[in-house]
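Rule-based calculations on the coordinates, nothing more; no lab input. It should be emphasised that the depicted structure is a prediction, and the values quoted were computed from it without experimental measurement. Every residue, glycine as well, gets a Cβ built from its backbone with ideal geometry; the counts of neighbours run over all protein chains shown.
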Amino acid sequence: MIAEAGRDLSVVGATVLDADGLVALPGLVDLHTHLREPGREDAETVASGTRAAALGGFTTVFAMANTEPVADTAGVVEQVWRLGRDAGYCDVRPVGAVTEGLRGVRLAELGAMASSAAAVRVFSDDGNCVSDAVLMRRALEYVKAFDGVIAQHAQEPRLTEDAQMNEGVVSARLGLPGWPAAAEEAIIARDVLLAGHVGSRLHVCHVSTAGSVELLRWAKSKGWRVTAEVTPHHLLLTDDLATSFDPVYKVNPPLRTAADVEALRAGLADGTIDCVATDHAPHAPQDKETEWMAARPGMVGLETALSIAIMTMLETGLLDWAGLADRMAIAPGRIGGLPGGSGAPAGGRPSRAPAHDVHPAGAGALSLSAGAVANLILVDPVARWTVDAGALASRSRNTPYAGRKLPGRVQATFLRGRPTVLDGKIA
Ligand SMILES: [Zn+2]
């Protein structure tokens with residue numbers, strides 16, 4: 001726990017770490033990570049993915065349910081939660097599937113997953129959209145009982161059959177089947193209406209269009225319990241990159257236009273979009289390094305997320321460090337139901353509570369004040385580093401930033417006071 005915060009603290013008996021020139025932030029929280037275990041350990045494991053997360057400054061990641069088998073039972077979510085705990089790099093909070101097998105036909109065992117050791121609060125069929133309006137309504141109603149949230153991958157399936165990239169000028173020129181903005185916006189419009197109607201919590205995954213931002217702004221103005229995330233790549237990259245036919249730029253939802261990027265940045269700055277989430281999507285070479293049409297969509301992102309946020313939001317003056325801490329740690333922690341979301345001491349425990357008394361499913365340090373869990377990171381704000389895809393801790397190499405020089409470097413990550421990263425390396 002953080003015992004004291006401030007200037008000129010007593011250091012008698014303490015280990016002193018020279019952090020001159022570094023910025024301290026709460027440990028980052030990622031609401032949207034694909035760890036691929038169980039089932040696709042050739043692309044990522046819980047251990048390799050959480051090493052990447054720690055290096056990127058994360059102390060909690062929410063692991064998406066589209067594994068093999070799908071995380072749609074208490075047994076699978078508890079397995080993922082235990083793998084995270086045993087690896088020890090980062091707290092892993094499993095996301096439960098909304099429907100059995102992500103098939104969109106019958107609700108999964110939401111209550112059993114919520115009351116399991118993994119204490120699931122976020123449910124998503126991510127990869128697939130819960131497109132059936134009645135099922136979506138039932139899921140929203142069901143999770144109200146334990147203040148859960150449905151995280152929707154907003155993609156109208158019929159409007160995006162065979163879609164390969166954003167529908168627009170570039171897709172027309174390349175002759176690739178397009179993915180209209182309306183396919184995302186139609187689902188968001190329907191879902192915010194449903195969330196408002198039943199009074200439940202909806203979270204919209206990876207918002208990618210200017211129209212989606214407008215819909216969210218409208219839904220929030222109604223007082224509905226709607227939150228949303230944007231990925232680092234949608235804050236920076238645009239659909240004209242597809243002209244290279246390099247499948248590293250193929251992602252779901254697709255890269256959009258510069259006008260969309262501008263609207264997403266503005267939405268994140270003014271809080272219409274609540275947080276950044278990576279959608280870290282590792283893929284093995286045989287699934288990704290192939291021709292565009294056959295390649296799986298997705299990019300790895302845990303180790304570059306903070307740098308891209310610094311580049312797009314901090315260096316542009318849209319957010320300051322406190323704003324960045326909110327969008328990458330405090331807001332996602334609150335949405336995911338981590339204790340201490342209000343900035344109060346985690347779990348309301350006294351500030352000198354012993355470390356072993358901390359919430360077993362992964363309490364998040366959501367503030368840097370005395371009494372909070374000591375999940376924090378030290379960032380070198382002036383460092384520049386060049387992304388080497390082969391040197392990433394992730395088991396996969398599908399980063400769109402290979403060879404690119406990025407600002408900001410995580411020097412240290414502390415998980416409940418214990419260093420997981422020191423001097424930019426796994427401790
Ligand atoms: Zn998704």
Taking a cut-off of 39 Å, what percent of all Cα-Cα pairs in the chain are separated by more than that? 12
Would you list, by chain and number, the lysines whose Cα falls below 22 Å from the Cα of residue 250, excluding same-chain residues fewer than 8 positions away? 288, 405
Which distance in nm do the two modelled labels at residue 132 and residue 68 give, with both placed 7 Å along the Cα-to-Cβ direction? 2.5
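Starting from the alpha-carbon convex hull of the range 154-271, give the projected area averaged over all orientations, in nm².
Spelled out: convex hull of the Cα atoms, projected over all directions, averaged, 6.9 nm².
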How big is the gap, in Å, between the Cα center of the range 116-137 and the Cα center of the range 1-74? 24
With each label point set 7 Å from Cα along the Cα-Cβ vector, what nm distance links residue 315 and residue 243? 2.3
As a test of understanding, state the convex hull volume per residue of the range 204-335 from its alpha carbons, in Å³. 107
Not counting the cut sites, what is the longest span of the chain without trypsin sites (Lys or Arg not before Pro) that DSSP labels loop and that have at most 12 other Cβ atoms within 10 Å? 223-351
Contour excess over end-to-end distance, with Cα ends at residue 159 and residue 382 and 0.36 nm allotted per residue: 75.9 nm
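Restricting to bridges with both residues inside the chain, how much of the DSSP beta-bridge set is antiparallel, in percent to the nearest 5?
Beta bridges within the chain, antiparallel portion: roughly 45 percent.
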If you put +1 on each Lys and Arg Cβ and -1 on each Asp and Glu Cβ, how big is the dipole of the chain around its Cα centre, in Debye rounded to 20? 760
In the range 249-344, which chymotrypsin sites (Phe, Trp or Tyr not before Pro) are in a loop and have at most 15 other Cβ atoms within 10 Å, using DSSP for the loop call? none
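Taking Cα pairs under 8 Å and at least six residues apart, what relative contact order does the chain come out at, in percent?
20
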Separation between the residue 422 and residue 103 pseudo-spin-labels, each 7 Å from Cα along Cα→Cβ, expressed in nm? 5.1
Taking a quarter of the surface of the convex hull around the Cα atoms of the range 277-330, what do you get in nm²? 4.6
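Please give the length that would be gained between residue 115 and residue 17 if that part of the chain were fully extended, namely 0.36 nm times their separation in residues minus their C-alpha to C-alpha distance (nm, one decimal).
Net length gain for the segment: 31.3 nm.
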Kirkwood Rh and Cα-based Rg: tell me the resulting Rg over Rh for the range 1-157, rounded to two decimals. 1.09
